[in-house]
Amino acid sequence: MTLAATGAGELLAMAPRLRRYARVLAGDPQYADSLVVATLQRWTDGPQRPQRAATLRARLFAVLHDVYVNRNAPAGRPALDLAPISQVATVAPGTSPGALQRFARLPPSEREVLLLVAVEGMAYDEIAQALDVPVASVIARLARARHLMHAAGQD
């Protein structure tokens with residue numbers, strides 16, 4: 001099946017992952033849900049889909065990231081709320097509240113990459129395609145995120 005022929009079932013199956021990522025990006029559950037709706041609408045509308053990603057998952061995350069960036073470019077990113085971050089703990093049982101707080105304090109670009117690697121299990125090249133950055137940037141952001149998480153845990 002080609003990406004153009006993606007069925008509704010496949011899109012709906014990706015919705016929880018998109019929602020989790022949107023909640024971490026946006027920090028507000030209602031705003032995150034509107035990002036997911038906009039992402040799915042943009043996907044079904046067709047022509048403005050990012051062509052930079054090869055897999056369905058990477059393309060959907062690319063659309064979500066683009067929608068988020070386009071909506072937040074003029075006003076800046078909203079303040080991050082820890083409540084949506086707690087969704088990470090449901091995927092990674094045993095995650096301490098302290099680790100979630102350290103995660104929430106990461107710079108957005110590092111937080112995005114760490115989430116996509118650790119929670120979504122995406123490969124570096126998939127993340128690079130979704131975020132439209134070189135693989136080296138993904139690796140550098142992930143290294144910084146890990147370093148910052150470790151250093152903050154030493155405090």
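The values are calculated or read from the model by the stated rules, or taken from the named source; none is laboratory data. In this text the structure is predicted, and so the values were computed from the model without any measurement. Positions of Cβ are backbone-derived with ideal geometry, glycine not excepted, and every protein chain shown enters the neighbour counts. Each accessible area value is taken on the protein alone, full model and side chains, heavy atoms only, with ligands, DNA and RNA left out. Shrake-Rupley method; radii C 1.70, N 1.55, O 1.52, S 1.80 Å.
Applied to the stretch 27-34, the Karplus parametrisation 6.51 cos²θ - 1.76 cosθ + 1.60 on θ = phi - 60° returns per-residue 3J(HN,Hα) values of x, 9, x, 5, 5, 4, 4, 5 Hz, with x for Gly and Pro.
The packing ranking, built from the mean of other Cβ atoms within 10 Å per residue, places the peptides 23-30, 65-72 in the order 23-30, 65-72, highest first. I want to verify the translational diffusion coefficient of the stretch 112-155 in µm²/s; compute it with Stokes-Einstein, Rh as the Kirkwood radius over Cα pairs, at 10 °C and 1.306 mPa s. So the translational diffusion coefficient is about 150 µm²/s. Rolling a 1.4 Å probe over the protein heavy atoms leaves F103 with an accessible area of roughly 10 Å². Derived scalar couplings between HN and Hα for the stretch 134-140 equal x, 4, 4, 5, 4, 4, 5 Hz in order, rounded to whole Hz, by the Karplus curve 6.51 cos²θ - 1.76 cosθ + 1.60 (θ = phi - 60°), x for Gly and Pro.
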